[in-house]
Amino acid sequence: MTQVVEQPARSEYREHDGAEMLRIRNLHAFYGESHILHGVDLEVRRGELVTLLGRNGAGRSTTLKAIMSMVGRRTGSIMINGTETIGMRAHRIPRLGIGYCPEERGIFASLDVEENLLLPPTVRSGGMSIDEIYEMFPNLYERRRSQGTRLSGGEQQMLAMARILRTGARMLLLDEITEGLAPVIVQKLGEVLVKLRDRGMTIVLVEQNFRFAAPLADRHYVMEHGRIIEEISAAELPSRREHLNALLGV
Amino acid sequence: MTMIFGVPLAVFTGQLLLGLINGAFYALLSLGLAVIFGLLKIVNFAHGAMYMLGAFATLLGMRYLGINYWAALLLAPLAVGLAGMLIERLLLRRIGHLDHLYGLLLTFGLALIFEGTLVNFFGVSGARYPTPESLAGGYQLGFMFLPKYRAWVLLAAIGVCLFTWYMIERTRLGAYLRAGTENPALMQAFGVNVPLLVTLTYGFGVALAAFAGVLAAPLYPVSPTMGSNLLIVVFAVVVIGGMGSILGAIVTGLAMGLIEGLTKVYYPEAANTVIFLVMILVLLIRPTGLFGKEA
């Protein structure tokens, strides 16, 4: 039988430290007739934590989906670790070392917690072991036999994050992970992100909760109408805070 | 003579066995339908034709290629499964983005083409396929006579059903299948080749039908219309069990066979309609089916 999950060839994934992990040029994305992204340009270096900020409908989630080829059509260029992926079939993209955590979390109701955790195929060696994951998220261990969707919102979010840490992905695309969660859970997620950054993970964070994202991120991109309109580094942030607030409408 | 509610025991158990055998076929066929519906969301109207092709492959394989029953048990499902994978890859995939009703129409059309072609060559009267020698005869159990072949059919069908249930509910590949049923786009984003999974699933589903066809060849006349006659009842079974439920398909299939058998004993006039009465009752009380999940 043909393998449903092919193991990636070693050469597909090249280490080059300090180099660009993600480079997007003139990205357009469409759902049917609607044109959502209008020429997005951005790059993320290895080990960086970068946020995509913007109002609802600015195209932040669509940018992540376009990277994973989950939109109807996309044009332009998306280089992941030096490999052009714009014409690549969707299931090959994660094998370049990408883990994606969708906004709606995507926990599977027909699977229990541990099955959900073990579901995403390994894309590369060097992922966290199941024991390390349970150590990071003790709640998941206690509830490993529960149906995935019976967990609380916070636990589901932990599960959605935890399952992509097992795969060996080195770049995480995280979509609104704090949405609708209690402050104590948000704080816990912040701690997890710091740990992941310290492990050398590259992280792209779509976030509504700017107070959560600001202290974690190296750089911020601000999106509006399907384009990047501003790039702000962590160092520039204090002086440009008011300008940013005006852009985000907060 | 022992009587059960005014019926001789031998007649009672005999009909019960016949009912169970029918139920085993219902279970195998509705299981394949459930697997296919789960991932492809297509009501596979070609399923009866695939069952019929399994039986015909067995008959023609013996006639022209000298393939015996046991080899056919493996080869016929394999051949029909491969044909199913071609159908998925070349036809069903092209209409995957349209309303699922188009899939139903396409598979219905395919069923008519398969049936019509074979009617043209072989007529509708049906041919006999000999019971394999090693399974000829039977056991005298005292209260009834149990033909060896029927016992084998029951065992084989239930074995394959349980194997399928185990594969889907307890293995990693099965977890991909269940998850792919819920959210195929996310499975792709995890690196699972969903289009390949869909092709394999359709192939496996129709291979189950073909396996049932091989089992049926020595029991019923092998005719081009044998599948369409059965399929209507199988659809009722699927509706009763609940669309897409694996365990539901198996249990309901066997149970409906039994109910049909019992009706034959006590009120033969209703034997052909009793399953539809059950279907109506279930739809009134539990519209998602006995094992179906609330939407």
Out of all the residues in segment B:118-144, which are surrounded by 16 or more Cβ atoms within 10 Å (Cβ to Cβ) and not small (G, A, S)?
-> B:L118, B:F122, B:Y129, B:T131, B:P132, B:L135, B:M144
Could you tell me which of the residues B:L247, B:L215, B:L200, B:L219 is closer than 30 Å to A:R89 by Cα and out of contact with any Leu (no Cβ under 7 Å at 6 or more places or on another chain)?
-> B:L200
Collect the residues in segment A:123-135 that are modelled with pLDDT under 90 and among the β-branched types (V, I, T), keeping them in residue-number order.
-> A:V123
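On the basis of being farther than 24 Å from B:L196 by Cα, more than 14 Å from chain B (Cβ to nearest Cβ) and touching a Cys at 6+ places or on another chain (Cβ under 9 Å), does A:Q157 make the cut? Spell out the reasoning first.
Working: farther than 24 Å from B:L196 by Cα: yes; more than 14 Å from chain B (Cβ to nearest Cβ): yes; touching a Cys at 6+ places or on another chain (Cβ under 9 Å): yes.
When the stated conditions are applied, A:Q157 passes them.
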So, of the residues in segment A:104-130 that are more than 20 Å from the chain's Cα centre (by Cα) and facing chain B (nearest Cβ under 8 Å), which turns out to be surrounded by the fewest Cβ atoms within 10 Å (Cβ to Cβ)?
-> A:A109
Filter segment B:82-99 for residues that are in a loop (DSSP other than H, G, I, E, B) and over 20 Å from B:G32 (Cα atoms) and give the result.
-> B:H97, B:L98, B:D99
Got a number for residues in segment A:231-250 being more than 20 Å from the chain's Cα centre (by Cα), surrounded by 13 or more Cβ atoms within 10 Å (Cβ to Cβ) and of a type in the set (D, E, K, R)?
-> 3
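Please verify whether segment A:160-183 includes one or more residues that are at positive phi, in a loop (DSSP other than H, G, I, E, B) and within 14 Å of chain B (Cβ to nearest Cβ). Step through it out loud before you land on a result.
Of segment A:160-183, the ones at positive phi are A:168, A:176, A:180.
After this cut, where a residue has to be in a loop (DSSP other than H, G, I, E, B) as well, the list is A:168, A:176, A:180.
Then drop every residue that is not within 14 Å of chain B (Cβ to nearest Cβ), which leaves A:168.
Yes, segment A:160-183 contains a residue that is at positive phi, in a loop (DSSP other than H, G, I, E, B) and within 14 Å of chain B (Cβ to nearest Cβ).
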Enumeration of residues in segment B:165-180 that are within 7 Å of chain A (Cβ to nearest Cβ) and under 12 Å from B:V35 (Cα atoms) = B:R178
Which is more than 10 Å from chain B (Cβ to nearest Cβ), hydroxyl-bearing (S, T, Y) and in contact with a His (Cβ under 6 Å, 6 or more places away or on another chain), of A:T75, A:T85?
-> A:T75
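Residue-by-condition table, conditions (1) farther than 22 Å from B:G96 by Cβ; (2) in a helix (DSSP H, G or I):
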{"site": "B:T181", "(1), (2)": "no, yes"}
{"site": "B:V192", "(1), (2)": "no, no"}
{"site": "B:L200", "(1), (2)": "no, yes"}
{"site": "B:L215", "(1), (2)": "yes, yes"}
{"site": "B:L231", "(1), (2)": "yes, yes"}
{"site": "B:V234", "(1), (2)": "yes, yes"}
{"site": "B:G248", "(1), (2)": "yes, yes"}
{"site": "B:L258", "(1), (2)": "yes, yes"}
{"site": "B:P287", "(1), (2)": "yes, no"}
Only listed residue being at pLDDT below 95, part of a helix (DSSP H, G or I), out of contact with any Ser or Thr (no Cβ under 6 Å at 6 or more places or on another chain) and not β-branched (V, I, T), chosen from B:Y51, B:Y64 = B:Y64
Among the residues of segment B:58-111, which ones are in contact (Cβ under 8 Å) with a residue 40 or more places away in the chain, of a type in the set (S, T, Y) and under 26 Å from B:L196 (Cβ atoms)?
-> B:T107
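Regarding B:A185, is this residue within 18 Å of A:A109 (Cα to Cα), over 25 Å from the mean Cα position of the chain (by Cα) and part of a helix (DSSP H, G or I)?
Values: within 18 Å of A:A109 (Cα to Cα): yes; over 25 Å from the mean Cα position of the chain (by Cα): yes; part of a helix (DSSP H, G or I): yes.
When the stated conditions are applied, B:A185 passes them.
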Give me a count of the residues in segment B:182-211 that are more than 7 Å from chain A (Cβ to nearest Cβ) and either polar (S, T, N, Q) or under 17 Å from A:T167 (Cα atoms) (or both).
-> 3
Can you find a residue in segment A:201-208 that is over 17 Å from A:L165 (Cβ atoms) and out of contact with any helix residue (DSSP H, G or I) (no Cβ under 7 Å at 6 or more places or on another chain)?
-> yes
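The values are calculated or read from the model by the stated rules, or taken from the named source; none is laboratory data. Keep in mind the model is a prediction, meaning the values are calculated, not measured. So basically every Cβ, Gly included, is an ideal-geometry build from the backbone, and we count neighbours across all protein chains shown.
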